[in-house]
């Protein structure tokens, strides 16, 4: 009997009963197949069919499937191996949380499952549970009872599938120690019950690490235990009693009985060992004390501590920089206020901070129309603030279109060495003008240069919470991120030559705002002449209103019209829309960015070859190829699917590859020899037909058939040579949102473990931007670029080959970008394992040393602000 999952037609769940839970989603679909069938879904159809159901329909349909009755039930009865073992040696924590939160189970069953990591124990406990059976549709429950399956499961014992090994001993001083493991499932942490003289005295979980045990018996070696007999049972210990240990699950005895009796000589021996241990601990503490100054360098407070750290002057990004004012004392600065910067309260703070500058040579230019500075209250108050400066000859008010003429004819403006363009008024740090000028002097020999800095935002108190200061730490110049929002502003220092170039781009038409100005500057100023100052040079005040999403602290905003104008200047047909991205952390609460999403619309799409290496993973490969066949149908250009057959021996894999080749037009390239990801993909690239190459793991699934068209369109953006995807785990959390590189950590995935729709810092998980590298699990690149850097480096057969490729591409002056709209599922590490423990750590350190020897400073990610700690999760904690 094989029943597919069917969505419920009733979308409103009742308030009570087993179907009161919200209808099933994507996480339920993946976890349901893992738990009840011991596999991942075979196709996207299976995924979508398992969503939108009531919980009863969802559970019942699994129990009526042939693979459950013929495979899982047979495995539970001991006739065959459970299919779950091939999926994973034991259930993971994420699945445990789902089972405990989602399934209708009794408290007793929940307690049993929470202390176990045995597939068989879980399944039998769930299937025997009255609450679970009560949550099934009546027809399903009746069929299980009539078919005999229910009775067959009830007759099974838990103990026979668990083979406990280990040993235990009594020290003679009231302590029992040893180890115990389930040889059938080393991932389980066995719980032992102890009875002394027939009296229950406690239980102990076997989870301590014992050196060398893993090598001797298998597994990790974390099976040890130590149990101190409570003083309440001293009477039994004094006169002597038998200690009996048993498995808490099956109640079966473990090991031989131990006779326990107080032993003074043994106690004295143990006391000597304790004294020796104390002495050793003293020496260790002395060593730790010596290391504390070094450890403090790696301390990384959360972003919520930024305000306190700023007040205490503990961050380098707030320290005044000595000697700058003297170095640029002869240079004058023209502070240009755009119309968006003349609100009276912020303007008052800006003017006050200008008066306090260590660099006193500045003049103010207000670019505003007559309507803005008219007779309304806002305009009259702003004019009242500006009028004294006009009287002193330190302020000029003009229309935006008059600026180029003023820069050439007004004596004070023509003599300015640079212009600080202000889109939103705020409070400048006392040395801000000097710091801007010093950075501009170092930016480039080109007379056109730009400098921008970090800033922070002070939000008002809300919901009983105190006011909060949020830092905006920025990357080095990134033209891709600039298409999303004006991350460089709202204050930017520009040389006169660069500013005139920006006006000339649109025939003298003034920029609509700072985002438009920065996009124009990116057109006419070399990238190496746009300088980022990693220091907080100004602060903004912002009012919040939590009655709607728009009232959240708004950190960055994009202008769709400015991006459309940029695309028009480049001759790119593109669709641009503004989106909202909300980021949330436990420390800082919610923040908002409003980026632009740009979708290029090329007249035609280039030919593409998608290269998929595989070995003995038929289920994964079928999922991947099914999604690629749907992608090929949706892609308007030519698309070749090329499978690398790496010594597939599994009959299902061989049959699948043969069928795909014969019936679905999938090309196959045989590969023989040890696993070398770089080598096999290089060979496949030589046989590829496409102008664009896509390197894709066989454990990926694309649920959106338009993903390839989006990736190839993004590849059409200027200087872009590699596009990486937003990859999600099966539970919907982020597996990859670009790669961050550093000397300290090597290479780590950005956004890993965050919810799939979580924006992350400044919304970066959901924003188009440049990246130091992207993973080869899904990498889109031009064939011409691939050939110019000679492909992947075969001397990196497993790790780092994708990182090295991206670094070589960037070294050639091209750009690697992360596009969140290109989104796939990636069931990571289903095809191969990863080194762990000391061996893995040593290998990683050696790899980083080797990379540094070849690439040196290039390993430092230019898009990773130095304000963040590089030894922690990217963009999460502040560096002191």
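Structure values in brief
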{"item": "Residue within segment 760-771 that is assigned to a loop (DSSP other than H, G, I, E, B), crowded, with 16+ Cβ neighbours inside 10 Å and at pLDDT below 95 present", "result": "yes"}
{"item": "Residue selected from segment 647-667 under the condition in a loop (DSSP other than H, G, I, E, B) and in contact with a helix residue (DSSP H, G or I) (Cβ under 7 Å, 6 or more places away or on another chain), by the criterion surrounded by the most Cβ atoms within 10 Å (Cβ to Cβ)", "result": "648"}
{"item": "Boolean, residue 702 is crowded, with 23+ Cβ neighbours inside 10 Å, over 25 Å from residue 861 (Cβ atoms) and either in contact with a strand residue (DSSP E or B) (Cβ under 8 Å, 6 or more places away or on another chain) or in the same structural domain as residue 30 (by TED's automatic domain parsing) (or both)", "result": "yes"}
{"item": "Residue in segment 500-523 that is surrounded by the fewest Cβ atoms within 10 Å (Cβ to Cβ), counting only those that are in contact with a strand residue (DSSP E or B) (Cβ under 9 Å, 6 or more places away or on another chain) and outside any loop (DSSP other than H, G, I, E, B)", "result": "522"}
{"item": "Within segment 206-223, tally of residues that are in contact with a strand residue (DSSP E or B) (Cβ under 9 Å, 6 or more places away or on another chain), surrounded by 15 or more Cβ atoms within 10 Å (Cβ to Cβ) and more than 15 Å from residue 167 (Cβ to Cβ)", "result": "2"}
{"item": "Residue within segment 679-688 that is assigned to a loop (DSSP other than H, G, I, E, B) and in contact (Cβ under 8 Å) with a residue 40 or more places away in the chain present", "result": "yes"}
{"item": "Check on residue 31, crowded, with 20+ Cβ neighbours inside 10 Å and either over 26 Å from the mean Cα position of the chain (by Cα) or at pLDDT 80 or above (or both)", "result": "yes"}
{"item": "Residue list for segment 206-229, filter: assigned to a strand (DSSP E or B) and without any contact (Cβ under 8 Å) to a residue 40 or more places away in the chain", "result": "208"}
{"item": "Check on residue 128, under 35 Å from the mean Cα position of the chain (by Cα) and surrounded by fewer than 20 Cβ atoms within 10 Å (Cβ to Cβ)", "result": "no"}
{"item": "Residue list for segment 240-297, restricted to those being part of a strand (DSSP E or B) and either under 30 Å from residue 125 (Cα atoms) or modelled with pLDDT under 80 (or both)", "result": "243, 244, 245, 246, 247, 253, 254, 255, 256, 257"}
{"item": "Residue match in segment 668-678 (condition: part of a helix (DSSP H, G or I) and in contact (Cβ under 8 Å) with a residue 24 or more places away in the chain)", "result": "yes"}
{"item": "Output for segment 581-623, where each listed residue is within 19 Å of the chain's Cα centre (by Cα), without any contact (Cβ under 8 Å) to a residue 60 or more places away in the chain and either outside any strand (DSSP E or B) or within 30 Å of residue 686 (Cβ to Cβ) (or both)", "result": "586"}
{"item": "Filter result for the condition that a residue is touching a helix residue (DSSP H, G or I) at 6+ places or on another chain (Cβ under 9 Å), modelled with pLDDT under 95 and either outside the structural domain of residue 795 (by TED's automatic domain parsing) or over 30 Å from residue 469 (Cβ atoms) (or both), over 591, 631, 609", "result": "591"}
{"item": "Boolean, residue 710 is on the phi < 0 side of the Ramachandran plot, crowded, with 23+ Cβ neighbours inside 10 Å and not in a loop (DSSP other than H, G, I, E, B)", "result": "no"}
{"item": "Residue in segment 413-433 that is free of Cβ contacts under 8 Å to residues at least 60 places away in the same chain, farther than 19 Å from residue 533 by Cβ and assigned to a loop (DSSP other than H, G, I, E, B) present", "result": "no"}
{"item": "Top-ranked residue of segment 543-554 - restricted to ones that are out of contact with any helix residue (DSSP H, G or I) (no Cβ under 6 Å at 6 or more places or on another chain) and buried (at least 16 other Cβ atoms within 10 Å of the Cβ), ranked as modelled with the lowest pLDDT", "result": "552"}
{"item": "The lone exception for residue 388 - which of (1) modelled with pLDDT of 90 or more; (2) within 30 Å of residue 557 (Cα to Cα) it fails", "result": "(2)"}
{"item": "Breaking point among (1) assigned to a strand (DSSP E or B); (2) at negative phi; (3) in contact (Cβ under 8 Å) with a residue 12 or more places away in the chain, for residue 200", "result": "(3)"}
{"item": "Criterion violated by residue 134 - all others in (1) touching a helix residue (DSSP H, G or I) at 6+ places or on another chain (Cβ under 9 Å); (2) surrounded by fewer than 16 Cβ atoms within 10 Å (Cβ to Cβ); (3) at pLDDT below 80 satisfied", "result": "(3)"}
{"item": "Residue match in segment 726-740 (condition: in a loop (DSSP other than H, G, I, E, B) and at positive phi)", "result": "yes"}
{"item": "Which listed residue, of 539, 484, is outside any loop (DSSP other than H, G, I, E, B), in the same structural domain as residue 400 (by TED's automatic domain parsing) and within 30 Å of residue 880 (Cα to Cα)", "result": "539"}
{"item": "Within segment 173-187, considering residues that are part of a loop (DSSP other than H, G, I, E, B) and closer than 19 Å to residue 274 by Cβ, the one modelled with the lowest pLDDT", "result": "173"}
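The values are calculated or read from the model by the stated rules, or taken from the named source; none is laboratory data. On a predicted model such as this, the values are computed, not experimentally measured, just so you know. Every residue, glycine as well, gets a Cβ built from its backbone with ideal geometry; the counts of neighbours run over all protein chains shown.
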